[in-house]
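Taking it in order: structure first as structure tokens, then the write-up.
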Amino acid sequence: MLVIGYGNSLRGDDGIGRVVADRVADWNLSHVRSISVHQLMPELAEELSKVDRAVFVDARIDGDAVLVESLEPDDGNSLLGHSLTPRSLLGLSKWLYHQVPEAWLISVPGECFDFCDRLSPTAERRVVEVLDRLQVLFDLN
């Protein structure tokens, strides 16, 4: 299993995904790899090709609830765009390595996206919620 948390850790709650990935890494699970990145890069397609399941975690600006959605690979029309999405990365993995994991995107609403190197109290509570959901997904209970 692979967790990819991404976002700008210097923009307050935009760093939610990275905090989740760092905390999952602290669990030291042999069957779970966790990667914290500023943005999604093509090199992650190879990592995706090596796992059965992947979870992307990112902050979002709107909403009040943590959303979990199943992902399918992009059909290839946006693989060469200027910015990668979880779907386009899955499509790149499929195209290059003929492998694509079962995948989900966890979108976590944030409150404060100002220049700041820590999460808001609300975002911290939502990180705990996401970690609880990941424990269920990883069957750690």
FRET efficiency for ASN28 and TYR97, using Cβ-Cβ distance with R0 set to 30 Å, rounded to 0.05:
0.65
Taking placed amide H atoms and a strict 5 Å upper bound, the residues 5 or more places from VAL3 or on another chain that come that close are ARG33, SER34, ILE35, VAL55
With only alpha-carbon atoms in the gyration tensor, what are the semi-axes of the equivalent ellipsoid for region 1-121, in Å, largest first?
24, 16, 12
Loop GluC sites (Glu not before Pro), region 33-120, which have at most 12 other Cβ atoms in a 10 Å radius of their Cβ (DSSP)
GLU43
Evaluate E = 1/(1 + (r/R0)^6) for VAL128 and ASP75, where r is the Cβ-Cβ distance and R0 equals 25 Å; express this FRET efficiency to the nearest 0.05.
0.10
Would you kindly derive the ³J(HN,Hα) couplings of region 31-44 from the backbone phi angles with the Karplus curve 6.51 cos²θ - 1.76 cosθ + 1.60 (θ = phi - 60°), listing them in order in whole Hz, with x for Gly and Pro?
9, 10, 10, 10, 10, 10, 9, 5, 8, 6, 10, x, 4, 5
Theoretical FRET efficiency, 1/(1+(r/R0)^6), r = Cβ-Cβ of LYS50 and SER83, R0 30 Å, to 0.05:
0.80
Those residues of region 1-21 whose amide nitrogen sits under 17 Å from the label point placed on VAL37, 7 Å along Cα→Cβ
1-9, 15-21
Can you list residues from other chains, or at least 5 along the same chain, whose modelled amide H is less than 5 Å from the amide H of ARG11?
CYS116
Relative contact order (%) - criterion: Cα under 8 Å, at least six apart; region: region 1-133
33 percent
Ordered by residue, what ³J(HN,Hα) values in Hz, to whole numbers, does region 120-126 give under the Karplus form 6.51 cos²θ - 1.76 cosθ + 1.60, where θ = phi - 60° and Gly and Pro are x?
6, x, 5, 5, 4, 5, 5
Give me a comma-separated list of calculated 3J(HN,Hα) values for region 127-137, in order, Karplus coefficients 6.51, -1.76, 1.60 applied at θ = phi - 60°, integers in Hz, x for any Gly or Pro.
4, 4, 4, 5, 4, 4, 5, 5, 4, 5, 4
Counting each DSSP H run of 4 or more residues in the chain as -39500 (n - 2.57), what helix-only mean residue ellipticity at 222 nm follows after dividing by all residues, to the nearest 500 deg cm²/dmol?
-10000 deg cm²/dmol
What do you get for the angle between helix 16-26 and the principal long axis of the chain? Use alpha-carbon atoms, 0 to 90 degrees, nearest ten.
80 degrees
Of the chymotrypsin sites (Phe, Trp or Tyr not before Pro) in region 35-141, those whose Cβ has at most 12 other Cβ within 10 Å and which sit in DSSP loop:
PHE115
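Read-outs: derived from the displayed coordinates by stated rules, not from any lab. The structure displayed is predicted, hence computed values, not measured ones. FYI the Cβ positions are ideal-geometry reconstructions off the backbone, even for glycines, and counts take in every protein chain you see.
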